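In what follows, a structure is listed as structure tokens, so that the remarks can point back to it.
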Amino acid sequence: AGYTSFPASQALALNLLPLSDYEKIQLLFKQSYEARQILAMEHDFHIDAIEDIREPVGLAARGKVLEPTVLAGMAKALSSIRYLHSSLNKLAVDFPTIWDIAKNITELRSLEKSIDNCISVDGEILDSASVHLSSLRQQIRNKRHTMLTNLESFIHSPGGQKIVQEQIVTEREGRYVIPVKIESKHEIKGIVHDV
């Protein structure tokens, strides 16, 4: 169990019990032999740092909404599972007992693609998640650009140059701000964000 890198594998190893069924024992020895041969032959054979997605899958099956970071982890796990299935398929002729296990792996390429189209690897919801979201985000970008343009115009105008400390637009707590001279703070409407 200490040599495993995946929680499900560790649980399987910890739950092993002695067997008396000769055929089952022979099968397990053959699986172990083939697995060792694959690892000796394919030094880079791995499934990355795959996350254990059993719990979130169970939650989703019960209708729970999953966080974007969890979905990103699921997409990565699905990609690793697809890679594993594909790699073992190429070795199926030489390692039939391992392939007997791996052939039952279900690739969920469409689910993986759906998640990848909506959520980044860091768990950020992408504009491509929906047309409406993309439209809203574009409107926000346009509004921010308009506000920034207006502020830039103001600080470079003759009236603005009289009251601004520096001709820069910066941000405080997600809001655009301009540095105003202390003696001019009553000459402009607005909220003081910092002094």
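Applied to the range 147-157, the Karplus parametrisation 6.51 cos²θ - 1.76 cosθ + 1.60 on θ = phi - 60° returns per-residue 3J(HN,Hα) values of 4, 5, 4, 4, 5, 4, 4, 5, 5, 9, 6 Hz, with x for Gly and Pro.
With the contact rule set at Cα under 8 Å and sequence spacing of 6 or more, what percent relative contact order holds for the range 63-157? It comes to 30 percent, rounded to a whole number.
Can you compute the label reach from residue 114? Point 7 Å from Cα along the Cβ direction, backbone N cut-off under 13 Å, restricted to the range 78-108. Answer for the range 78-108: 108.
Over 28 Å apart at the Cα level, from the set 64/113; 90/113; 30/103; 113/143, are 113/143. Per-residue ellipticity at 222 nm, computed for the chain from helices alone with -39500 (n - 2.57) per DSSP H run of at least four residues, works out to -17500 deg cm²/dmol. Which part of the range 94-127 falls in the paramagnetic zone of residue 85, meaning amide N under 15 Å from the point 7 Å along Cα-to-beta-carbon? Within reach of a label on residue 85, which here means backbone N under 15 Å from a point 7 Å along Cα→Cβ, the range 94-127 contributes 99-114. Gyration tensor over the Cα atoms of the chain: the corresponding equivalent ellipsoid has semi-axes (square roots of 5 times the eigenvalues, largest first) of 61, 17, 16 Å. Could you work out the percent of alpha carbon pairs in the range 1-117 separated by over 22 Å, rounded to a whole number? Cα-Cα pairs of the range 1-117 separated by over 22 Å account for 44 percent. Please say if the range 151-195 is rounded, prolate or oblate, where rounded means a/c under 1.5 for a ≥ b ≥ c the square roots of the C-alpha gyration tensor eigenvalues, and otherwise the choice is prolate for a/b larger than b/c and oblate otherwise? Judged from the Cα gyration tensor, the range 151-195 comes out oblate (a/c at least 1.5, b/c at or above a/b). For the chain, the longest principal axis of the alpha carbon atoms and the long axis of helix 22-41 meet at an angle near 50°.
Computed from the coordinates by the stated procedures, all read-outs in this text should not be read as laboratory data. Here the structure is a predicted model, which means the values were calculated and not measured. Please note: Cβ atoms are built from the backbone with ideal geometry, for glycine as well, and neighbour counts cover all protein chains shown.
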